[in-house]
Amino acid sequence: MHVSNSGHNPIDPTDPNQPTEPVEPVPGPAAETPLDAYSAVVTRVAAQLIPAVASLRVRTSRGAGAGSAVVFTDDGFLLTSAHVVEGHAGNVGSPVGLAEFSDGTEREFDVVGADPLSDLAVLRARGATPPAAVLGDAADLRVGQLVVAVGNPLGLTGSVTAGVVSALGRSLPTRSGSAARVVDEVIQTDAALNPGNSGGALATADSRVVGVNTAVAGVGLGLAVPINATTRKILAALMRDGRVRRAYLGVAGARVALPPPVAGRTGQRHGVRLAEVVVGSPAGSAGLFTGDLVLSLAGQPIVTPGDLQRLLTETTIGQPVELTVWRRGALVDVIVVPRELVTS
């Protein structure tokens, strides 16, 4: 006689011929999906930096502007690009704009100082801010190194992109009024940047900010002003005085290879050939001429035009400085007194 198991007859679990019922999964927390090494680094940097990067809304003479900024001190100082707050419409005593953080906190801010010739600016939030990001040193970067960009492109708060250092030592032309300058040692990266990323952070795998994103030069080609010894001095001057004082010579030149006799005498391989000496400038008044080959300033070798920029600091304004040049087959020492650069 056939016995059916379809009624109330139980299934014998010891009988291998008996069908088994499906086992329901036990409810519980889902296992965390392990990340590959690259993803682990990027997510860690993002988690640490996103809280410290603000989305800026700026009131300017041309209307509303936008950008990003990075908290870099625990008492509310923020770092951004000078062009983000250029032409700001804040009057004395009134805030320039609004900084919004990833946790929804909003803080009005003031511009402490801006330096268009380095494209850096320092802001001060009115109220408490998230913990500061840690500044690193771009001098330690290597081509091919992983970097992470955090900012607010196109108004999309807390956006993260990653890439590599594509090149180092790039130059970025800047201008303020009649004054022009070149920002040296600019970082080139392929981390995607878009309008609104300016002023945001470019960081290494240890979450140290080594650059301030400043320009989108093309698809896969972004530029960042480096955080290094030079820019730290600029930030200190902006925080202290609200501006950066620079010495002015009134020359323009280009790096050239030194003639073998000069290289043998000086131990240098390159110098700066003067292509222009402004009439009435400190250099012109001191007797420098177009075609002079500059070898040193105050005893320091001059190999590129950037070396002149770096050595012409606030401390040299109004002080006699010795320039050594190669002219018509002879070494000539010229005493020049730099003036303060006027940018307006």
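The values are calculated or read from the model by the stated rules, or taken from the named source; none is laboratory data. All values reported here derive from a predicted model rather than from experimental measurement. Virtual Cβ from ideal backbone geometry, glycine too; neighbours counted across all protein chains shown. Please note that ligands, DNA and RNA were not included when accessible areas were found on the heavy atoms of the full protein model with its side chains. Shrake-Rupley method; radii C 1.70, N 1.55, O 1.52, S 1.80 Å.
Which residue out of 236, 224, 263, 275 is in a strand (DSSP E or B) and open to solvent by 10 Å² or more (accessible area, probe 1.4 Å)?
So the residue among 236, 224, 263, 275 that is in a strand (DSSP E or B) and open to solvent by 10 Å² or more (accessible area, probe 1.4 Å) is 275.
Does residue 143 satisfy the criteria of being open to solvent by 50 Å² or more (accessible area, probe 1.4 Å) and among the aliphatic types (A, V, I, L, M)?
So residue 143 fits the description; yes.
Against the definition (touching an Asp or Glu at 6+ places or on another chain (Cβ under 8 Å) and either of a type in the set (Lys, Arg) or open to solvent by 50 Å² or more (accessible area, probe 1.4 Å) (or both)), how does residue 88 come out, yes or no?
Numbers: touching an Asp or Glu at 6+ places or on another chain (Cβ under 8 Å): no; either of a type in the set (Lys, Arg) or open to solvent by 50 Å² or more (accessible area, probe 1.4 Å) (or both): yes.
It is false that residue 88 is touching an Asp or Glu at 6+ places or on another chain (Cβ under 8 Å) and either of a type in the set (Lys, Arg) or open to solvent by 50 Å² or more (accessible area, probe 1.4 Å) (or both).
Got a number for residues in the range 146-159 being open to solvent by 20 Å² or more (accessible area, probe 1.4 Å) and either more than 26 Å from residue 44 (Cβ to Cβ) or at pLDDT 95 or above (or both)?
Within the range 146-159, residues that are open to solvent by 20 Å² or more (accessible area, probe 1.4 Å) and either more than 26 Å from residue 44 (Cβ to Cβ) or at pLDDT 95 or above (or both) number 1.
Restricting to the range 62-100, name every residue that is at pLDDT 90 or above, in a loop (DSSP other than H, G, I, E, B) and among the hydrophobic types (A, V, I, L, M, F, W, C).
72, 85
Under 6 Å by Cβ, and 6 or more places apart or on different chains, what pairs join a residue from the range 308-326 that is within 14 Å of residue 340 (Cα to Cα) with one that is open to solvent by less than 20 Å² (accessible area, probe 1.4 Å) and assigned to a loop (DSSP other than H, G, I, E, B)?
312/338; 316/338; 317/338
Quick one: would you say residue 186 is in contact with a Lys or Arg (Cβ under 6 Å, 6 or more places away or on another chain), open to solvent by less than 70 Å² (accessible area, probe 1.4 Å), under 23 Å from residue 54 (Cα atoms) and modelled with pLDDT of 90 or more?
yes
Find the strands (runs of 3 or more DSSP E) located wholly in the range 101-199 whose residues include 2 or more that are closer than 30 Å to residue 245 by Cα, and list them.
Numbers: elements: 106-115, 120-125, 146-151, 159-176, 179-189.
In the range 101-199, 106-115, 120-125, 159-176, 179-189 are the strands (runs of 3 or more DSSP E) which contain 2 or more residues that are closer than 30 Å to residue 245 by Cα.
Quick check on this structure: which one of 284, 291 is in a helix (DSSP H, G or I), open to solvent by 10 Å² or more (accessible area, probe 1.4 Å), touching a residue at least 12 places away in the same chain (Cβ under 8 Å) and in contact with a strand residue (DSSP E or B) (Cβ under 7 Å, 6 or more places away or on another chain)?
284
Of all residues in the range 313-323, which are open to solvent by 20 Å² or more (accessible area, probe 1.4 Å) and either among the β-branched types (Val, Ile, Thr) or assigned to a loop (DSSP other than H, G, I, E, B) (or both)?
Scanning the range 313-323 gives 313, 315, 316, 317, 318, 319, 320.
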